[in-house]
1. Among the residues of segment 32-62, which ones are touching a residue at least 12 places away in the same chain (Cβ under 8 Å), acidic (Asp, Glu) and assigned to a loop (DSSP other than H, G, I, E, B)?
2. Give the residue, chosen from VAL274, VAL251, that is at pLDDT 95 or above, out of contact with any Lys or Arg (no Cβ under 7 Å at 6 or more places or on another chain), in a strand (DSSP E or B) and within 24 Å of HIS100 (Cβ to Cβ).
3. If you check LEU85 against the conditions, is it outside any loop (DSSP other than H, G, I, E, B) and within 18 Å of the chain's Cα centre (by Cα)?
4. Is it true that ASN76 is on the phi > 0 side of the Ramachandran plot and either hydrophobic (A, V, I, L, M, F, W, C) or more than 17 Å from the chain's Cα centre (by Cα) (or both)?
5. Could you list, in sequence order, the residues of segment 226-245 that are in a loop (DSSP other than H, G, I, E, B), open to solvent by 30 Å² or more (accessible area, probe 1.4 Å) and touching a residue at least 40 places away in the same chain (Cβ under 8 Å)?
6. Quick check on LYS87: is it in contact with a strand residue (DSSP E or B) (Cβ under 6 Å, 6 or more places away or on another chain) and within 29 Å of LYS286 (Cβ to Cβ)?
7. Can you pull out the residues in segment 91-128 that are of a type in the set (A, V, I, L, M, F, W, C) and within 13 Å of SER189 (Cα to Cα)?
8. How many of the residues in segment 169-221 are in a loop (DSSP other than H, G, I, E, B) and touching a helix residue (DSSP H, G or I) at 6+ places or on another chain (Cβ under 9 Å)?
Amino acid sequence: MIMNKDIIFLSPVCTHNIWGGTRLNREFGYPIEGDDIGECWGISAHPNGDGTVASGAYKGMKLSELWEKHPELFGNTGMDRFPLLIKIIDAKDDLSIQVHPDDAYAKVHENGSLGKTECWFILDCKENATLVVGHNAKTKEELEQMIHEGKWKEFIREIPIKPGDFIQIDPGTVHAIKGGTLLLETQQSSDITYRVYDYDRLSNGQPRQLHIAQSIDVITVPAKSAENSVVHTEKKDDAIQQLIRCPYYTVYRIDVEHRVETWQDKPFVLMSVVEGEGTLNGTHLKKGNHLILPDGYGKVELQGRMQIIASTI
């Protein structure tokens with residue numbers, strides 16, 4: 001059987017969120033109306049946002065269906081579901097303070113779901129911007145006390161960020177994206193979030209649900225040090241930089257100024273164009289494109305001026 005080696009382009013799924021903005025429509029051209037568009041699920045086979053193949057032999061198929069019916073495109077991994085989820089997040093306002101469980105906890109408490117390990121690449125942010133990563137409690141007792149007594153100022157730890165920064169958010173890490181931040185998130189295919197605190201905001205007149213007991217269960221104490229939480233990356237001419245390698249994914253930053261050559265020898269590679277435009281083996285790419293290079297794709301020649309965030313398992 002001759003495998004179809006075409007690039008798999010995906011039509012993303014966008015979501016309305018109380019903290020969302022307008023940049024996903026304005027700057028990335030996604031066809032969704034509203035001033036509360038928080039997330040673009042660019043590459044996703046999750047039931048809450050299953051992407052559709054945009055062109056080629058599999059046009060119109062959901063990614064989950066493609067994964068199921070054509071495992072050869074993804075290197076016959078034997079995994080029971082498409083493992084990753086790629087999002088672009090436009091936070092006009094602050095997101096809630098939250099934490100994610102690991103696989104073991106989610107499997108038991110969340111109906112067999114995967115846990116959620118994720119990472120962020122900062123595309124844009126305000127000057128002197130910060131993110132919430134980690135917390136200041138030294139012990140589990142102190143953690144419970146700070147949360148139950150609402151000592152958020154003492155509890156929450158903010159760290160400075162700038163565009164090009166990369167942050168790995170392991171399960172158990174307290175975190176929140178702050179208003180004015182645009183980022184690309186690479187994560188396990190999971191939609192499990194425990195809200196610790198939501199600034200007493202109302203959505204449709206009601207406070208949003210919190211998950212205090214689960215949060216206390218899964219938060220890691222003490223938190224990883226602030227210095228070890230952020231990696232600063234710089235733009236380099238025609239370069240592929242590995243940002244992280246963890247058990248769930250390896251993520252790369254690709255800067256194309258003229259021409260970058262590489263080889264796709266992984267089960268599959270996910271790519272999101274976050275800036276500029278160019279070509280991949282002669283096929284036009286532009287900002288906002290999300291695509292998959294299937295198993296056995298081989299030689300990859302990128303030309304133009306663009307920035308791509310790529311990942312694989």
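1. ASP35, ASP36
2. It is VAL251.
3. Against the criterion (outside any loop (DSSP other than H, G, I, E, B) and within 18 Å of the chain's Cα centre (by Cα)), LEU85 qualifies.
4. yes
5. Correct list: GLU234, LYS235.
6. For LYS87, the condition - in contact with a strand residue (DSSP E or B) (Cβ under 6 Å, 6 or more places away or on another chain) and within 29 Å of LYS286 (Cβ to Cβ) - is met.
7. Across segment 91-128, the qualifying residues are ALA106, LEU114, CYS119.
8. Residues flagged as in a loop (DSSP other than H, G, I, E, B) and touching a helix residue (DSSP H, G or I) at 6+ places or on another chain (Cβ under 9 Å) within segment 169-221 amount to 8.
The values are calculated or read from the model by the stated rules, or taken from the named source; none is laboratory data. Since we're looking at a predicted model, the values are computed, not measured. All Cβ positions, even for glycine, are placed from backbone atoms using ideal geometry, and neighbour counts span all protein chains on display. For the accessible areas, the whole protein counts, side chains as well, though only heavy atoms, and no ligand, DNA or RNA atoms are used. Shrake-Rupley method; radii C 1.70, N 1.55, O 1.52, S 1.80 Å.
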